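Structure first, then comments.
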Amino acid sequence: MSNHRTPQPPSRLPKVGTTIFTVMSALATQHGAVNLGQGFPDFDCDPALPDAVTDAMRSGHNQYPPMAGVPALREVVSAKITALYGHHYSAADEITVTAGATQGILTAILAIVGPGDEVIVLEPCYDSYVPNIELAGGTVVRVALQAGTFRPDFGAIGAAITPRTRAIIVNTPHNPSATIWRAADFARLAEILRPTDIVLISDEVYEHMVFDGQSHASASANAELAARSFVVSSFGKTFHVTGWKVGTVVAPAPLAAEFRKVHQFNVFSVNTPMQHGLAYYLADPAPYRELPAFYSAKRDLFRSGLAETRFKLLPSEGSYFQVVDYSAISALGEADFCRWLTSEIGVAAIPLSAFYDDGRNQGLARFCFAKRDSTLQAALERLARL
Ligand SMILES: Cc1ncc(COP(=O)(O)O)c(C=O)c1O
């Protein structure tokens, strides 16, 4: 008999299984569906960006960078945040380059959350938050965004706070609802947090995708909140390079110091040539300043096609998502509707229920419009049957 025994330690994340994103993508491939489910562009980035990275590699920037990130990148990020949001973060002590926002969020949580600590998440929410809190041994406290509008319910947020609340996670522009927070929302949150020591983790990966002349309200633009916040951003979203996995986390020095303790023994540092390439590319604000026009044109193209169908369109204020209410088309639950849409109509979408712990059905699905116009047209031709 073999004595090769594989131990089965108790799972740290027993509830985590195959996500709906993987399921829907596999179904889309199987049925040759247009995949508007997964949130990433199907077009390439500005060639100047890989050119800058290639130059960095050829110039010998191929060894470990400083733990917190290449200084030139941290400097340009500092200047950018000051210019956009009016808050100065020290490149030396307050800005850390991370392996994408995903690592940044996990590292922030591991740095400050321990057993017995509660962390408030606003549902629907991005799927990494809850397992991250659980890995840290914290307790997840779910507060729903308001049904129908996805606006924050400040009464409910205030009521969820206890002496054990360590942090709250906010995401604007919001995945999946495509709503944004205004400066007044952050001001309201600041009031609620004022008497507490609660840390804000503000996930702002879609900061450069805000439409209709609105500007992005960052937690860093509110001085009171900036003093208690980790603000998370992602170059992958901004520059159409989601596979590069490079982002930043900014925070006041005492929080950044704790962040870096975990970062140091997690990834230690993020790949060097990408950081040099991004530092060079980021010096020109044009690419991110042009992003709202670029994406709102795609949003408008997609929405005008959907307006011909029986989908009811929710507002898309920011991010690259469009939520639709399909209740005039089908009585199916959200996951079943999205499976049907993928296999029978040939367009993949993501059920909103995937972003809630209780998997509630509201008759809503999320499309991603970060796609070539031809991809959006192909999807619209198929959806026209609805
Ligand atoms: C709200 C939100 N936060 C974080 C991330 C992860 O960003 P990154 O690819 O930089 O890890 C995503 C990606 O989809 C997201 O939608």
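The values are calculated or read from the model by the stated rules, or taken from the named source; none is laboratory data. What you see is a predicted model, and the numbers here were worked out from it, not measured in a lab. Every residue, glycine as well, gets a Cβ built from its backbone with ideal geometry; the counts of neighbours run over all protein chains shown. Surface areas here come from the heavy atoms of the whole protein model, side chains and all, with no ligands, DNA or RNA. Shrake-Rupley method; radii C 1.70, N 1.55, O 1.52, S 1.80 Å.
Brief remarks on what is shown
- Count - residues of region 220-269 that are farther than 18 Å from Val70 by Cα and in contact with a Lys or Arg (Cβ under 9 Å, 6 or more places away or on another chain): 3
- Residue match in region 59-67 (condition: within 16 Å of the ligand (Cβ to nearest atom), surrounded by fewer than 19 Cβ atoms within 10 Å (Cβ to Cβ) and assigned to a loop (DSSP other than H, G, I, E, B)): no
- Candidate set: region 115-139, residues that are outside any helix (DSSP H, G or I) and without any contact (Cβ under 8 Å) to a residue 40 or more places away in the chain; chosen: the one surrounded by the fewest Cβ atoms within 10 Å (Cβ to Cβ): Pro115
- Ile201 being in contact with a helix residue (DSSP H, G or I) (Cβ under 6 Å, 6 or more places away or on another chain) and assigned to a helix (DSSP H, G or I): no
- Residue check for Ser215: under 24 Å from Leu291 (Cβ atoms), within 15 Å of the ligand (Cβ to nearest atom) and free of Cβ contacts under 8 Å to residues at least 40 places away in the same chain: no
- Any hit, region 250-271, residues being within 12 Å of the ligand (Cβ to nearest atom) and part of a strand (DSSP E or B): no
- Members of region 84-114 that are within 16 Å of the ligand (Cβ to nearest atom), open to solvent by less than 20 Å² (accessible area, probe 1.4 Å) and of a type outside the set (S, T, N, Q): Ile95, Val97, Gly100, Ala101, Gly104, Ile105, Ala108, Ile109
Yes/no per residue for (1) over 22 Å from the mean Cα position of the chain (by Cα); (2) part of a strand (DSSP E or B); (3) surrounded by 17 or more Cβ atoms within 10 Å (Cβ to Cβ):
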{"site": "Pro292", "(1), (2), (3)": "no, no, yes"}
{"site": "Glu308", "(1), (2), (3)": "yes, no, no"}
{"site": "Val324", "(1), (2), (3)": "no, yes, yes"}
{"site": "Thr375", "(1), (2), (3)": "yes, no, yes"}
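- Region 225-246: number of residues that are within 9 Å of the ligand (Cβ to nearest atom) and open to solvent by 10 Å² or more (accessible area, probe 1.4 Å): 8
- With respect to the conditions (1) open to solvent by less than 10 Å² (accessible area, probe 1.4 Å); (2) not in a loop (DSSP other than H, G, I, E, B), Ser316 falls short on a single one, namely (2).
- In the set (1) more than 11 Å from the ligand (Cβ to nearest atom); (2) in contact with an Asp or Glu (Cβ under 7 Å, 6 or more places away or on another chain); (3) open to solvent by less than 10 Å² (accessible area, probe 1.4 Å), Ile198 fails one condition alone, (2).
- Restricting the first member to region 1-18 and to residues that are open to solvent by 100 Å² or more (accessible area, probe 1.4 Å), and the second to residues that are of a type outside the set (Gly, Ala, Ser), the beta-carbon pairs closer than 8 Å and six or more apart or on different chains are Arg12/Glu134; Arg12/Leu135.
- Residues that are assigned to a strand (DSSP E or B) and either buried (at least 20 other Cβ atoms within 10 Å of the Cβ) or of a type in the set (Gly, Ala, Ser) (or both) do not occur anywhere in region 173-190.
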